[in-house]
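The block underneath contains the structure these notes are about, expressed in structure tokens.
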Amino acid sequence: MSTPPQPSPANDGEKQEQQEQFNPIAFMSNFDPELVHRVLLTDPSDYAGLTMSGQPRLVDTPSYNAQFLWENGFISDQESPPSSEETEGGGQGAGNEVALQMARTMKRAFHAAIVEAVDSRNDIADVKALILELHEKMRGLIPSRADLHDILSDDDVHRMNLVAGDDDASSDRDGETRTANARSILIVVLPHLIKAAGALVRLESEDRSVTTSCWIEMATRVLNSAVENVDAPDLPPDISPATFVVSSLTYLHIKADLCASDIADYHLSTVLAPQIATHGPEYERALFQQRFGVGDGDTDNDESTPITRQWIKRTVDECGVSRQELLSNEERRVTVLQTSGWVNLILFQTTGEGHDDVEQEGNVAETSEASQVQPFIHVPEVLQSDISNLRSIRETTKM
């Protein structure tokens, strides 16, 4: 009977050396401190809801429809008037509507220039560049699968050329020439887009891939009608062949970006979040000490964290619990900090509301000499990472 192989001393030493060389602070420095803080505030059961951006996961997957065409400046308001719900921007107010309109105007100008180059000069240089960029995004979704990267051929894209119109054609043939050129952009470009979309479908989640598949079906119908020499290809209403190609490219870029975001969010929730939760507290303490000049065991430096010290003192003085009980009962200390310290003195303090109620640098607001009330406490240094959350809570609960 053979004995099982014993661990190699060299391997054990190698593992121990790797463990000794691991620096959690250096590892955590790869992450945005705001992301680290969000993970630490998230219960492990809610990791699935984490996103790299901090915004909620996009529930409604974009579709290639009139709304998409309008938002990206491919059709005007007169061609497809948006509903009030579509222009409200999620109820963010007039400021958001102005920003959306500005973004739409810039997109419209960018896309119109590409369409004009195709229609007037048969120039597809920008179209080629967008296809090549789409290929790179697709490869970025599977960086470790180099064997699949050549499925989308950059060389074939470089060789793309449209059927040039006849400059000497008579006026009677101008319409025929334009029709031929219009079919040419569909016949030459759409196969590359359909191939890229097919690869994207295999990488997207099931719910995201539905709209991509719908676009593939539509684009295939358009391509077939162009190949069959139909004078009016099966295009969406009010859309020219060049506009369909450019808008389809824009749509596939958006879907590829969304797929990349979904992959990153999944990796965050399943792989990175548990590691951040393990090493995050030590990392945040190191950042705090560096920012406010607090060293290990530096408990007597009143100048390093004055707002925190003032906050704790006020909490103890106003909580209605004796110091002796607080010193002897940890559970009681936690309750007092949550209620008197956090709720009363930070979240819903009304004293001093005439001043800025959130200070980025943790400065104490000045009070009038005639005022007999306690000075308003701004965000303590230990809560500086929570300023945005605090501001949001205060805005939400403001009467």
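Assorted remarks:
- Consider region 218-232 and keep the residues that are in a helix (DSSP H, G or I) and touching a residue at least 12 places away in the same chain (Cβ under 8 Å). The one that is farthest from residue 62 (Cα to Cα) is 227.
- For region 197-217, the set of residues classified as among the hydrophobic types (A, V, I, L, M, F, W, C), without any contact (Cβ under 8 Å) to a residue 60 or more places away in the chain and either in contact with a strand residue (DSSP E or B) (Cβ under 6 Å, 6 or more places away or on another chain) or within 16 Å of residue 141 (Cα to Cα) (or both) consists of 197, 201, listed by residue number.
- Complete set of residues in region 38-68 that are closer than 23 Å to residue 389 by Cβ, under 17 Å from the mean Cα position of the chain (by Cα) and not β-branched (Val, Ile, Thr): 38, 47, 48, 49, 50, 52, 53, 54, 55, 56, 57, 58
- Whichever residue in region 146-177 is more than 36 Å from the chain's Cα centre (by Cα), outside any loop (DSSP other than H, G, I, E, B) and surrounded by 12 or more Cβ atoms within 10 Å (Cβ to Cβ) and, among such residues, is modelled with the lowest pLDDT: 173
- Some residue of region 233-242 being open to solvent by less than 20 Å² (accessible area, probe 1.4 Å), at pLDDT below 95 and either closer than 29 Å to residue 59 by Cβ or among the polar types (S, T, N, Q) (or both): yes
- Meets criteria (over 27 Å from the mean Cα position of the chain (by Cα) and touching a residue at least 40 places away in the same chain (Cβ under 8 Å)) for residue 236: yes
- A single member of 219, 197, 226 is more than 30 Å from residue 260 (Cα to Cα), modelled with pLDDT of 85 or more and either touching a Leu at 6+ places or on another chain (Cβ under 9 Å) or open to solvent by 80 Å² or more (accessible area, probe 1.4 Å) (or both), and it is 226.
Rundown of residues vs (1) surrounded by 12 or more Cβ atoms within 10 Å (Cβ to Cβ); (2) at pLDDT below 90; (3) of a type in the set (A, V, I, L, M); (4) within 21 Å of the chain's Cα centre (by Cα), yes/no style:
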| site | (1), (2), (3), (4) |
| --- | --- |
| 91 | no, yes, no, yes |
| 96 | yes, yes, no, yes |
| 100 | yes, yes, yes, yes |
| 110 | yes, no, no, no |
| 114 | yes, no, yes, no |
| 126 | yes, no, no, no |
| 129 | yes, no, yes, no |
| 133 | yes, no, no, yes |
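- Of all residues in region 19-69, those that are farther than 30 Å from residue 247 by Cα, among the hydrophobic types (A, V, I, L, M, F, W, C) and open to solvent by 70 Å² or more (accessible area, probe 1.4 Å) total 3.
The values are calculated or read from the model by the stated rules, or taken from the named source; none is laboratory data. Here the structure is a predicted model, which means the values were calculated and not measured. Virtual Cβ from ideal backbone geometry, glycine too; neighbours counted across all protein chains shown. SASA here: full protein model, heavy atoms, side chains in, ligands and nucleic acids out. Shrake-Rupley method; radii C 1.70, N 1.55, O 1.52, S 1.80 Å.
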